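The structure under discussion appears below in the form of structure tokens.
The values are calculated or read from the model by the stated rules, or taken from the named source; none is laboratory data. A quick note: this is a predicted structure, and the numbers were derived from the prediction, not measured. Glycine also receives a Cβ, built like all others from the backbone with ideal geometry; neighbour counts cover every protein chain displayed.
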Amino acid sequence: MFFSVVNKLGLDFTKDEIALVPQFNDLLKDKELGMKAFHFIVACYHYLSPYQNLGEEERIKKCAEDIFKQKGKVHALDSQKVKVAIDKFNELQFDSDWENYFALEKQCRDISKFLNETEFTAETMEYLEKSGRTLKVLSEMKNELKEIIFAKVQKPEENLRMRARKKLSFAEEKFLPETK
């Protein structure tokens, strides 16, 4: 995409590639927002972000604090440029497997919260048992998706070729390593 995962620990940004997308280029040109706003978007919304396991509100708050180094609301992030760039980023990285994984993750989190907050009594026992079984099924589905996603992440250039199912573009031929 517009950066690469480096040693699975960080992101390597390429300004020239980011600037190809008009919505991202607008951020780069903005003196107040600049690259920090793009870092915020990636940290907050990228599927491989270390913040991804946080709920959306907490993730936005934590990313803003860590990147902009200030507590509380970062008003610059309310700008229309940031909102448009977030929408474009999510559109470009969309992957149904990831989206399904996060939907299942949210359901598991909600059921776990319910199980933790519900007192175990004779009246609630059957409902808690059904919730536990549902949680088990959701967790199994989530783990199956995780394997599919992990395979994609390990060989992204092969997935690009498979998705294309035709001759690679000039850029893909030039920049993607050959598979044997």
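Among residues of segment 25-41 that are under 18 Å from Gln70 (Cβ atoms) and in a loop (DSSP other than H, G, I, E, B), those with a beta-carbon under 9 Å from a residue that is of a type outside the set (A, V, I, L, M, F, W, C) and at pLDDT 85 or above at least six positions away or on a different chain give the pairs Asp30/Ser79; Asp30/Lys81; Glu32/Ser79; Leu33/Asp26; Leu33/Ser79; Leu33/Lys81. For Ala85, indicate whether it is touching a residue at least 60 places away in the same chain (Cβ under 8 Å) and either in contact with a helix residue (DSSP H, G or I) (Cβ under 9 Å, 6 or more places away or on another chain) or outside the structural domain of Asn143 (by TED's automatic domain parsing) (or both). When the stated conditions are applied, Ala85 passes them.
Within segment 51-64, can one find any residue that is closer than 29 Å to Lys142 by Cα and of a type in the set (Ser, Thr, Tyr)? Checked against the condition, which is being closer than 29 Å to Lys142 by Cα and of a type in the set (Ser, Thr, Tyr), segment 51-64 yields at least one hit. Kindly establish whether Glu117 is at pLDDT 90 or above and surrounded by fewer than 16 Cβ atoms within 10 Å (Cβ to Cβ). Against the criterion (at pLDDT 90 or above and surrounded by fewer than 16 Cβ atoms within 10 Å (Cβ to Cβ)), Glu117 qualifies.
Does Leu54 satisfy the condition of being assigned to a loop (DSSP other than H, G, I, E, B) and outside the structural domain of Ile149 (by TED's automatic domain parsing)? Taking the combined requirement at face value, the residue satisfies it.
Does Glu126 satisfy being at pLDDT 85 or above, over 22 Å from Tyr101 (Cα atoms) and exposed (fewer than 14 other Cβ atoms within 10 Å of the Cβ)? So Glu126 fits the description; yes. In this structure, is Asp95 touching a residue at least 24 places away in the same chain (Cβ under 8 Å) and not hydrophobic (A, V, I, L, M, F, W, C)? Spelling it out, Asp95 is indeed touching a residue at least 24 places away in the same chain (Cβ under 8 Å) and not hydrophobic (A, V, I, L, M, F, W, C). Within segment 5-32, restricting attention to residues that are out of contact with any helix residue (DSSP H, G or I) (no Cβ under 8 Å at 6 or more places or on another chain) and at pLDDT 75 or above, which residue is surrounded by the fewest Cβ atoms within 10 Å (Cβ to Cβ)? Of everything passing the filter in segment 5-32, Lys31 is surrounded by the fewest Cβ atoms within 10 Å (Cβ to Cβ). May I ask you to verify whether Ser79 is more than 28 Å from Ile149 (Cβ to Cβ) and either touching an Asp or Glu at 6+ places or on another chain (Cβ under 9 Å) or not assigned by TED's automatic domain parsing to the domain that holds Ala151 (or both)? Taking the combined requirement at face value, the residue satisfies it. Before we move on, is Ser49 in a helix (DSSP H, G or I), hydroxyl-bearing (Ser, Thr, Tyr) and surrounded by 13 or more Cβ atoms within 10 Å (Cβ to Cβ)? It is false that Ser49 is in a helix (DSSP H, G or I), hydroxyl-bearing (Ser, Thr, Tyr) and surrounded by 13 or more Cβ atoms within 10 Å (Cβ to Cβ).
Checked against (1) more than 17 Å from Leu48 (Cα to Cα); (2) exposed (fewer than 14 other Cβ atoms within 10 Å of the Cβ); (3) free of Cβ contacts under 8 Å to residues at least 12 places away in the same chain, Glu58 meets all criteria but (1).
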